[in-house]
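Note sheet for the following structure.
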Amino acid sequence: MSIQSDGWIREQALEHGMIEPFSEKQVASGVISYGLSSYGYDLRVSDEFKIFTNVNSAIIDPKAFDERSFVSVRADSVIIPPNSFALARSVEYFRIPRDVLTICVGKSTYARCGILVNVTPFEPEWEGFVTLEISNTTPLPARVYANEGLCQILFFRSDRTCQISYADRKGKYQKQQGIVLPKL
């Protein structure tokens, strides 16, 4: 398995629709950078957020998720409360090839502010908008900007294709639209 360079990512995005919309170069002027980098792609967070709150005293249970656990916000930026958490979605739609696995890492600009991003790997033949998990680890409110970079996707390509892909398994998060909550 090897990490893929900007040339391979560009080819897959432009010729096979792996990333849509696709920014062929890194956009950095006046924004938190996004777009193609040397060995990855910095995706953007959309303007849709679900910010967790304890106002309704709901319990977080992945087997019985209570939508009263959060408030939905659509805005150009959002404030995540201290020591809190939000869900969001990517601007980009991804279609992962059968011989590729991705890993997501946070961007240093946000990490240096105590904002961590977690995204599970995009498995072979997974597609959809990415549900992004954003944690504010600080004791202070933290701002996140919509339509700007949030995290970087690294693409690892295997020398062989997998026997059973995410699409073959009919994964529960396949072709997700919007912010998708936990499913059983």
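The values are calculated or read from the model by the stated rules, or taken from the named source; none is laboratory data. Everything numeric here is computed off the predicted structure, so don't read it as measured data. Ideal geometry is used to build each Cβ from the backbone, glycine not excepted, and the neighbour counts take in all protein chains shown.
Worth pointing out:
- Hits in segment 18-62 (condition: over 17 Å from the mean Cα position of the chain (by Cα), touching a residue at least 60 places away in the same chain (Cβ under 8 Å) and within 23 Å of residue 177 (Cβ to Cβ)): 62
- Qualifying residue in segment 132-142 (condition: part of a loop (DSSP other than H, G, I, E, B) and either modelled with pLDDT under 95 or surrounded by 19 or more Cβ atoms within 10 Å (Cβ to Cβ) (or both)): no
- Residues in segment 94-114 that are in contact with a Lys or Arg (Cβ under 9 Å, 6 or more places away or on another chain) and closer than 23 Å to residue 47 by Cβ: 113 only.
- In segment 98-131, of all residues being of a type in the set (S, T, N, Q) and more than 22 Å from residue 172 (Cα to Cα), the one that is surrounded by the most Cβ atoms within 10 Å (Cβ to Cβ) corresponds to 109.
- Inter-residue pairs, beta-carbon under 8 Å, first on the phi > 0 side of the Ramachandran plot and of a type in the set (Lys, Arg) and in segment 84-104, second outside any strand (DSSP E or B) and at pLDDT 95 or above, 6+ apart: none
- Boolean, residue 169 is in a strand (DSSP E or B), at pLDDT 95 or above and exposed (fewer than 14 other Cβ atoms within 10 Å of the Cβ): no
- Scan segment 63-82 for residues that are in contact (Cβ under 8 Å) with a residue 40 or more places away in the chain and either within 18 Å of the chain's Cα centre (by Cα) or outside any helix (DSSP H, G or I) (or both) and the total you get is 10.
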